[in-house]
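Remarks on the structure that follows.
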Amino acid sequence: MVLEAIDIDFDYDDVPVLDKVSFSLMPGKVLHLRGRNGAGKTTLLKCLASLKRPMAGCIRYGGKDIESELTEYRSQLMFIGHRSGLSDALTVTENCLFNLNVDFEPEELEAILAKLQLAGFGNTLCSQLSAGQKRRVALCQLHDTHKKIWLLDEPLTALDTQGVELLTQWIERHLGEGGMVVMTSHQPLQINNHRIEVYQL
């Protein structure tokens, strides 16, 4: 199903941030949002995640306004913001199972953490992790999720080369399964060019 933004406007205190933003994203594609800091990239992602309501225009999924079937639309979303969304008072495992609601068996989670260079960190408090390690914990949500729409705000931030390569593999697999991704990144994407559409804000 197609994800569409149609003439989206959004203001903060009467200061325009988004002005007549429109795009159409097909399954199997990445929409790479580009623009300077403050251009509205995160605001647009939050509108797409139904965390903010546009002041004008609408967002459609499968030809239907998302506001008309919000519960069903949200069931198809995976949103990972610029911040990790982790609780420093919880361990890595506790964050995954309870805070991030990752639905894995303990053995499966250990294998995923190992792929993310976090083997042996399951019982470590997230307050003791580096920024890159926290980002990798947050990205656990993307492993084997069946949600069709991934909304990712600067997912490459603080990742090393191996972390970027693994995330790229997961994105490629998701696209191959008919999923779609809307993401921001100041770094170039190592994804097949025919799968990427760029929107400049």
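The values are calculated or read from the model by the stated rules, or taken from the named source; none is laboratory data. As the structure is a prediction and not an experimental result, all values here were calculated from the model. Please note: Cβ atoms are built from the backbone with ideal geometry, for glycine as well, and neighbour counts cover all protein chains shown.
The set of residues in the range 72-98 that are among the polar types (S, T, N, Q) and either out of contact with any helix residue (DSSP H, G or I) (no Cβ under 9 Å at 6 or more places or on another chain) or surrounded by fewer than 15 Cβ atoms within 10 Å (Cβ to Cβ) (or both) comprises S75, Q76. E110 meets each of the listed conditions (1) exposed (fewer than 15 other Cβ atoms within 10 Å of the Cβ); (2) more than 26 Å from G40 (Cα to Cα); (3) not polar (S, T, N, Q) apart from (1).
Within the range 1-10, being surrounded by 14 or more Cβ atoms within 10 Å (Cβ to Cβ) and of a type in the set (D, E, K, R) holds for E4, D9.
Per the listing K46, K52, the residue uniquely in contact with a Gly (Cβ under 9 Å, 6 or more places away or on another chain), surrounded by fewer than 20 Cβ atoms within 10 Å (Cβ to Cβ) and of a type outside the set (S, T, Y) is K46. Look at G28 and say whether it is touching a residue at least 24 places away in the same chain (Cβ under 8 Å), surrounded by 15 or more Cβ atoms within 10 Å (Cβ to Cβ) and not β-branched (V, I, T). Yes; evaluated as a whole, the condition is true for this residue.
The listed residues are L113, L51, L33, and the only one of them that is touching a residue at least 12 places away in the same chain (Cβ under 8 Å) and farther than 19 Å from M183 by Cα turns out to be L113. Residue count for the range 34-79 under the criterion of being closer than 13 Å to M1 by Cβ, assigned to a strand (DSSP E or B) and of a type in the set (G, A, S): the result is 0. Taken together, V182, V102 contain a single residue that is within 17 Å of the chain's Cα centre (by Cα), at pLDDT below 90, buried (at least 20 other Cβ atoms within 10 Å of the Cβ) and under 29 Å from Y61 (Cα atoms), which is V102.
The residues in the range 80-127 that are charged (D, E, K, R) and over 30 Å from L3 (Cβ atoms) can be counted, and the count is 5.
Results for (1) over 26 Å from L189 (Cβ atoms); (2) at pLDDT 95 or above; (3) not hydroxyl-bearing (S, T, Y), shown as yes or no for each residue.
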{"position": "V2", "(1), (2), (3)": "no, yes, yes"}
{"position": "V17", "(1), (2), (3)": "no, no, yes"}
{"position": "F23", "(1), (2), (3)": "no, yes, yes"}
{"position": "G35", "(1), (2), (3)": "no, no, yes"}
{"position": "G57", "(1), (2), (3)": "yes, yes, yes"}
{"position": "Y61", "(1), (2), (3)": "no, yes, no"}
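Residues satisfying the criterion are present in the range 93-106 (criterion: among the aliphatic types (A, V, I, L, M), touching a Cys at 6+ places or on another chain (Cβ under 6 Å) and without any contact (Cβ under 8 Å) to a residue 60 or more places away in the chain).
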